[in-house]
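Notes follow the structure.
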Amino acid sequence: MFLAATTPLVTNPITIFFIVLAIILVTPLVFNRLKIPHIIGMIVAGIVIGPYGLNILDNDSSFAIFGQVGLLYLMFLAGLEIDMFHLKLNLKRGMAFGILTLVIPLLIGIFTSVYIFHLDWLTSMMLGAMYASHTLISYPVAVRFGITKSPAVLIAIVGTIIAVIGALLVIAGVVNVRHDGEFSWLSMGRLVGLLIIYCLGILYLYPRLTRWFFKNYSDRVTQYVYVMAVMLMAAWLASLINLEPVLGAFIAGLVLNRYIPASSGLMGSIEFVGNALFIPYFLISVGMMINMRVILEGDTLITSAIMLTVALVSKWLPAYITRRSARLDSPSMNVMFGLTTAHTAVALAVVTLGNQLGMFDERILNATVLVILVTCTLAPIITAAAAPRLKIAMLQQDEEADSHLTRSRRARVNNTLIPIANVESAVSLVEMAVLMRSEVGRHEFYALHVRNDNSPAARDIARRTLLTARRTATAANVAIETLDRYDLNTVTGVLNAIEERDITEVFLGLHRRAGVIDSFFGAKVEQLLRATNRMIIITRMFSPVNTITRIIIYVPPKAQYETGFSRWVRAIARLTRQIGCRAIFCSPDDIQPLIRGVIYQENYGIRCEFRTTEHWDDFIAMSSHIKEDDLLMIIGARVNSVSWNDDIAQIPGFLQRYFAAHNIAFIYPQQFGEQVPLTSFVDPLAGDISSAPSPLWRKIRGLTRRLHP
């Protein structure tokens, strides 16, 4: 594009990589102190060290590869981090904004090109498509301020999809006319048809392939490589049908969104690698393409000023119109403007293609580079300036909606205990606990291993088990305290830890039956249920939790009267939101409004359905539709509790007989009262929760139901 010095100062690969890492390390530290988004620092650093600056590094193939992957990574992360529920709520406004941010820049660009630059109409349409396209280069700023779920950000994301697709279709039409001499509806129909086939193929193939892969391969490194491979494959397939690869990466992120929960270790790995390496590489590569000397020569500066004015005004107008029509506030408008004002890869590709076709001269080419520089500089500044005000407005809206609820949520204290017997069960238990954790208030995690053997081998098992738990939690950016306890009785050790740490909920793994006479839960779990009033969650997962398609919850009658009713509803809602699936509550009619109340009052925004089941027999009739990819959750009840009934005693046997290969979770709600001493087998008041009622009792129960339906 521009002539630069022939030989860069540094050519050694090790030194090149060191300089890049030094820039990635130092730039945020310096620019954060100056209160300037460090994204700008990356671009400025690229200008300084690039071939048109001090010529320290050459803009070679390594920067081209890493920069292109960084751009794809940026769009892929934007798709992964979208809250799909809130995206659907803002879909109509986003589509309207997308049409505006496509049509307005296109029209303004065409008329200014024709009447100011005196270009022909075909060339003007090509330049108008450059104005219409944009890149979410300032999206990391929105992530840092925690406003990604705001309507402004979601509207901007939907608008980006429409603007990029529309701009690419315009470019394809212009190129078609340039080659054939006339517009061909057949060629345009072919491109649109390929786009539809491409989207349908990704939507059909990727979920099934991802679910199968995650079920069979649980290693984090393998899963990360798979995710990167399918993202790059989607980008490559998009380029094959003459679409921009960034569009393919974004669609891949949307499709994989529900399989990579925000709190998972895999998501942490994806964000870490992208923010630490690929995205900074992309920003530096953008700066290395800019030649400030050429831009400031001749009449290029005047052309650049006109093009820059068109680029900024044409992106500000859609944000302003959307603010008025959607009744948004000023910070929301500025965030939308900041997210959609940056022109990078697509704009550069458009003018480069136009130059190759003989449509653009060097003046337009150089002016476009200045537009890229200024818009990439302004976009994060505008977004960073408006994001704090938008965040404050979001918090104020929440407080005005329910100030009492907000105060009570902040005051919550959640201490989770995860007793782990072996390395094999550590990962699944910790992952489940992390996905169900509360985002508000204080939440502490404790991983506990109780051993009754003080030999070196037993201590080594405890060390490896707790180390696995700590690594799993760390991968999800969650701190966990590990407890290695020596106690002659496992249940006593767990109970002591519950009292010492003021535990509010306990996560247990469902044991494997050791013989015919063994119960469904096992003696230890049954003793623990009788000895503590805290919420206990018992899980058995055959599939990775992020591949679950539905969560089906059986709620017994009178469950609303238990002390921990709202706590377990919130826990299920958090799990559902994290993995992005549906929750189907099977409960009596009088409980359904209360469940809805907790979900809507807490604003979880999940997809939930309700089925009426007055008795366990009603649920049995529906259970044939439960699939192996579903998670069946049973809201249990302790003996002599408010919601206890004789149906509860039949559940373990029924599940053992018909759901031996299904994902199952039991939740025993928190109760009032002090813990009772452990009962022995000779205690006449001891109750076995897994034993079925006698035949005589079942006959009496059936007669009672017929007399009192």
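Grab the DSSP H runs of the chain that are 4 residues or longer, score each as -39,500 (n - 2.57), total them, divide by all residues and round the 222 nm result to the nearest 500 deg cm²/dmol.
On the way: 28 runs with 430 residues, N = 709.
The per-residue figure over the chain is -20000 deg cm²/dmol.
Quick one: longest stretch of the chain between exposed loop GluC sites (Glu not before Pro), exposed meaning at most 16 other C-beta atoms within 10 Å and loop per DSSP? Intermediate values should be presented prior to the final figure.
Values: sites that count: E182, E297, E439, E614, E628, E674.
Here the longest run is 1-181.
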| request: Take the Cβ-Cβ distance between N452 and A523 as r, set R0 to 22 Å, and report the resulting FRET efficiency rounded to the nearest 0.05. | output: 0.90
| Per residue Cα convex hull volume in Å³ - calculated over segment 170-326 | 196 Å³
| Taking Cα pairs under 8 Å and at least six residues apart, what relative contact order does the chain come out at, in percent? | 13 percent
| task | Give a residue-ordered list of calculated ³J(HN,Hα) values for segment 333-338 (Karplus: 6.51 cos²θ - 1.76 cosθ + 1.60, θ = phi - 60°; whole Hz; x for Gly, Pro). | result | 4, 5, 5, 4, 5, x
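Between I14 and S325, take the C-beta separation as r, use R0 = 56 Å, and let me know the FRET efficiency to the nearest 0.05. Mind showing how you got there, number by number?
Working: r = 55 Å, r/R0 = 0.98.
With a Förster radius of 56 Å, E is 0.55.
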| By how many nm would the segment from T474 to V639 grow when fully extended, if each residue of separation counts as 0.36 nm and the alpha-carbon distance is taken off? | 55.6 nm
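Relative contact order of segment 575-616, please, whole-number percent, based on alpha carbon pairs below 8 angstrom and at least 6 residues apart. Let's see the in-between values first.
Numbers: 43 pairs, mean separation 23.5, N = 42.
Here the relative contact order equals 56 percent.
Diagonalise the Cα gyration tensor of segment 46-150 and give the resulting equivalent ellipsoid semi-axes, square root of 5 times each eigenvalue, largest first, whole Å. Intermediate values should be presented prior to the final figure.
Details: eigenvalues 164, 156, 24 Å².
Each semi-axis is the square root of five times an eigenvalue, giving 29, 28, 11 Å.
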| remark: Residues meeting the amide H criterion for L508 (H placed from the backbone, H to H distance under 5 Å, 5 or more places apart or on another chain) are I537, I538, T539
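How much length would be gained if the chain were fully extended between V177 and R442, taking 0.36 nm per residue of separation minus their Cα-Cα distance, in nm to one decimal?
Extra length available between V177 and R442 comes to 89.2 nm.
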| task | With θ set to phi - 60°, apply the Karplus curve 6.51 cos²θ - 1.76 cosθ + 1.60 along segment 266-283 and write out the HN-Hα couplings as whole Hz, x wherever there is a Gly or Pro. | result | 5, 5, x, 5, 4, 5, 4, 5, x, 6, 8, 9, 5, 5, x, 4, 4, 5
| remark: Computed on Cα atoms, the radius of gyration and Dmax of the chain in angstrom are 29.9, 101
| note | By the mean-Cβ-within-10 Å protection proxy, highest first, 236-244, 527-535 rank as 527-535, 236-244
| note | Phi-derived 3J(HN,Hα) across segment 634-646 with the Karplus relation (6.51, -1.76, 1.60, θ = phi - 60°), rounded Hz, x for Gly and Pro, is 10, 7, x, 8, 6, 4, 6, 7, 4, 8, 5, 8, 5
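What does the charge count near A347 come to, summing +1 for each Lys or Arg and -1 for each Asp or Glu among other residues with Cβ under 14 Å from its Cβ?
Working: positive: K315; negative: E244.
Residues close to A347 contribute a combined charge of 0.
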| request: Could you work out how far apart the two model spin labels at M188 and R464 are, taking each label as a point 7 Å from the Cα in the direction of the beta carbon, and quote it in nm? | output: 6.6 nm
| query | How much net charge surrounds S643 when only other residues with a Cβ under 13 Å from its Cβ are counted (Lys, Arg +1; Asp, Glu -1)? | reply | -2
| task | Quote the accessible area belonging to H625 in square angstrom, nearest 10, computed with a 1.4 Å probe and with ligands, DNA and RNA left uncounted. | result | 130 Å²
| said: What is the percent carbon and sulfur in the accessible area of segment 580-635, measuring with a 1.4 Å probe over the protein chains and ignoring ligands? | reply: 48 percent
| query | Given labels modelled 7 Å from the Cα in the Cβ direction, how far is it in nm from V413 to V48? | reply | 4.9 nm
| task | Would you calculate the separation in nanometres between label points at L34 and V313, each defined as 7 Å from the Cα along the Cα-to-beta-carbon direction? | result | 3.0 nm
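The values are calculated or read from the model by the stated rules, or taken from the named source; none is laboratory data. Given the structure is predicted, the values throughout are model-derived calculations rather than measurements. Neighbour counts run over all protein chains shown; Cβ positions are idealised from the backbone, glycine included. Note: accessible area is taken over every heavy atom of the protein model, side chains too, but ligands, DNA and RNA are not part of it. Shrake-Rupley method; radii C 1.70, N 1.55, O 1.52, S 1.80 Å.
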